[in-house]
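Enquirer: Have a look at the structure that comes next, please.
The values are calculated or read from the model by the stated rules, or taken from the named source; none is laboratory data. Remember, predicted model here, so these are calculated numbers, not experimental data. Positions of Cβ are generated from backbone atoms using ideal geometry, with glycine treated the same way; all protein chains shown enter the neighbour counts.
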Amino acid sequence: MMTNIHTLTRTDDAVIVGGGLAGLFCALKLAPRPVTLISAAPLGEGASSAWAQGGIAAAVAEGDTSEAHAADTVAVGGGIVDEAVALGIAREAAPRIDDLLAYGVPFDRDLEGRLAVGREAAHSARRIVHVRGDGAGAAIIAALSDAVRRTPSIRLIEGFVAEALLTEDGAVTGLQLREAGNFAAQPILLAARTVVLATGGIGHLYAVTTNPCEASGSALAIAARAGAVVADPEFVQFHPTAMMVGRDPAPLATEALRGEGATLINGNGERFMTTLHPLAELAPRDIVARGVFAEIAAGRGAFLDARQALGARFAARFPTVYASCIAAGIDPATQAIPIAPAAHYHMGGIAVDDRGRSSIDGLWAGGEVSSTGAHGANRLASNSLLEAVVYAARIADDIAGRVVPSPARLSDLVTPHSGAPDAAAVTRLRTLMGTHVGVIRDGDGLADAIRSFAALEREATSIAVRNMATTALLVAASAWSRRESRGAHFRSDYSADAPALAQRTMTVLTAAREIADGLTERSTSRTAQPMIA
């Protein structure tokens, strides 16, 4: 049921921020415990989950095992996957699929009625559960949204964003909310001792992304500003096959296309991945993304070619991608699709334990805003939706067994007023992220970005822009500190991996600011040096 924020008086609810897969699933799993679910966009919109085309990885087919699934996850993760976490998630996949079926998700089935499974990059078996080929995310979110609206214990507040997390003595006391898009509105304080952040990733910090505009890293910023430990922020996965058709966000050409035999070619019609990796088009995403990036940088362009693999079957097998192509004037049955790498998924996020608990008492995080250790330096395809439902269920179990303390007295507003975001500042931030903190990075570019983000964080009059700058600073500072290449983090000045650095990053915002201060002082010192005749 929909609740007006101005009439909200009960404060003993668990408060979930985010209307994507993790937030919806957690709210449903908490029923009949009272829950307040806050979504910036109307339910079912503005969530990356709804745009997921691949599906959910789950070892449900005959002959496949959770151990094999976990091994594939570890192999792709660049040497820093938490193996116990990966195995635990893989083992919980089947019961979570059953949950989604019970909520009405119409997963594809074969002629014998069994769940139909497909294969995607770096998986050793066919284990991706789909809905109508490329519609898993939309179908899952639609089914869960309907279930949430039918659940009386869930109070739904749409059209509000969380712009600050309130804490006292290391524990959550509430949230500062503001009406989405209304920057002149007075913020509202909501008392809460139990808060779950499930707001998605950071893709919209980049100029080219497959993520909705709501995925701007705001929840990561508010948690970090409240002192939360952040894990692995430098690891950003770039999907290698975003469609370059003049749209922001860029439509996604699902990896499942390559699983069905589509190839990657350059403008000369040549396949280029065959010389870069034994798995060619099905190599890990970071390798494919760099291969695509190199062809574009060399001026040859990059294209996804499904003409032979699918041809006339394209429309029926992948209707979402087909519709995007036709809208852009491309017939993928007879034409290759222009592509480029795009910011797609953040392996980093708020550091959480195996129950989804952050370092701040009373704060949990689930889905892409969290970092569980499951993905390491490079996420295995279709593991993100699985991780979201597994941890959403764990968070719900953990909260259900917790006695919620009485709400604390709320402090003053963190930021009473907030101007509208400066469009030029946002464009510059997104451009810097793409050029200096993108597919290929180097120390000088990262240092420039860090100085710019630190200055913007200090000077921004809009709290929305300040939150974007905070998250950008965390990503860039950790990328600058990791002087090696590992998984999705590639530095041209440190192109090899360093065995001594085969460990996860654990950091806090003060550490990122100290790096920025040091780089600023160094730059100032250099410019102040007297010229020598």
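Enquirer: Quick one: is residue 151 assigned to a strand (DSSP E or B), of a type in the set (Val, Ile, Thr) and in contact with a strand residue (DSSP E or B) (Cβ under 9 Å, 6 or more places away or on another chain)?
Expert: Criteria not met by residue 151.
Enquirer: Here is a further query. Filter the range 427-444 for residues that are surrounded by 20 or more Cβ atoms within 10 Å (Cβ to Cβ) and part of a helix (DSSP H, G or I) and give the result.
Expert: Hits for the range 427-444 are 429, 430, 432, 433, 436.
Enquirer: Only one of 303, 314 is more than 22 Å from the chain's Cα centre (by Cα) and not in a strand (DSSP E or B). Can you tell me which?
Expert: 314
Okay, residues lined up against (1) farther than 26 Å from residue 478 by Cα; (2) touching a residue at least 40 places away in the same chain (Cβ under 8 Å); (3) touching a helix residue (DSSP H, G or I) at 6+ places or on another chain (Cβ under 9 Å):
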residue: 232; (1), (2), (3): no, yes, yes
residue: 252; (1), (2), (3): yes, yes, yes
residue: 268; (1), (2), (3): yes, no, no
residue: 280; (1), (2), (3): yes, no, yes
residue: 289; (1), (2), (3): no, yes, no
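Enquirer: Just one of (1) in contact (Cβ under 8 Å) with a residue 24 or more places away in the chain; (2) out of contact with any strand residue (DSSP E or B) (no Cβ under 6 Å at 6 or more places or on another chain) trips up residue 506, so point out which.
Expert: If we test residue 506 against (1) in contact (Cβ under 8 Å) with a residue 24 or more places away in the chain; (2) out of contact with any strand residue (DSSP E or B) (no Cβ under 6 Å at 6 or more places or on another chain), just (2) comes out false.
Enquirer: In addition: Which residues, counting only those in the range 135-169, are under 19 Å from the mean Cα position of the chain (by Cα) and farther than 25 Å from residue 102 by Cα?
Expert: Across the range 135-169, the qualifying residues are 161, 162, 163.
Enquirer: Oh, and also: Inside the range 261-283, can you point out the residues that are buried (at least 18 other Cβ atoms within 10 Å of the Cβ) and outside any helix (DSSP H, G or I)?
Expert: Matches in the range 261-283: 262, 263, 264, 265, 266, 272, 283.
Enquirer: Related question: Go through the range 191-237 and count every residue that is under 14 Å from residue 343 (Cα atoms) and in contact with a Lys or Arg (Cβ under 7 Å, 6 or more places away or on another chain).
Expert: Total meeting the criteria: 5.
Enquirer: Looking at the range 102-117 only, could you name the residues that are over 11 Å from residue 60 (Cβ atoms) and surrounded by fewer than 20 Cβ atoms within 10 Å (Cβ to Cβ)?
Expert: Residues satisfying the conditions are 102, 103, 104, 106, 108, 109, 110, 111, 112, 113.
Enquirer: Looking at (1) surrounded by fewer than 22 Cβ atoms within 10 Å (Cβ to Cβ); (2) over 18 Å from residue 347 (Cα atoms), find the lone condition where residue 74 falls short.
Expert: (2)
Enquirer: Same structure, new question: Test residue 293 against the criterion of being assigned to a strand (DSSP E or B), touching a residue at least 24 places away in the same chain (Cβ under 8 Å) and surrounded by fewer than 24 Cβ atoms within 10 Å (Cβ to Cβ), and give yes or no.
Expert: no
Enquirer: Take residue 44 and decide whether it is surrounded by fewer than 23 Cβ atoms within 10 Å (Cβ to Cβ) and either in contact with a Gly (Cβ under 7 Å, 6 or more places away or on another chain) or at pLDDT 90 or above (or both).
Expert: Considered against the rule, which asks whether it is surrounded by fewer than 23 Cβ atoms within 10 Å (Cβ to Cβ) and either in contact with a Gly (Cβ under 7 Å, 6 or more places away or on another chain) or at pLDDT 90 or above (or both), residue 44 comes out as no.
Enquirer: Scan the range 142-192 for residues that are under 20 Å from residue 406 (Cα atoms) and small (Gly, Ala, Ser) and jot them down.
Expert: 153, 170, 171, 174, 191, 192
Enquirer: Which condition number does residue 305 fail, the rest of (1) farther than 25 Å from residue 201 by Cβ; (2) modelled with pLDDT under 90 being met?
Expert: (2)
Enquirer: OK, next. Taking the range 161-206 on its own, how many of its residues are part of a loop (DSSP other than H, G, I, E, B) and either touching a Cys at 6+ places or on another chain (Cβ under 8 Å) or surrounded by fewer than 17 Cβ atoms within 10 Å (Cβ to Cβ) (or both)?
Expert: Total satisfying the criteria: 9.
Enquirer: In this structure, is residue 377 assigned to a helix (DSSP H, G or I) and either assigned by TED's automatic domain parsing to the domain that holds residue 251 or in contact (Cβ under 8 Å) with a residue 40 or more places away in the chain (or both)?
Expert: no
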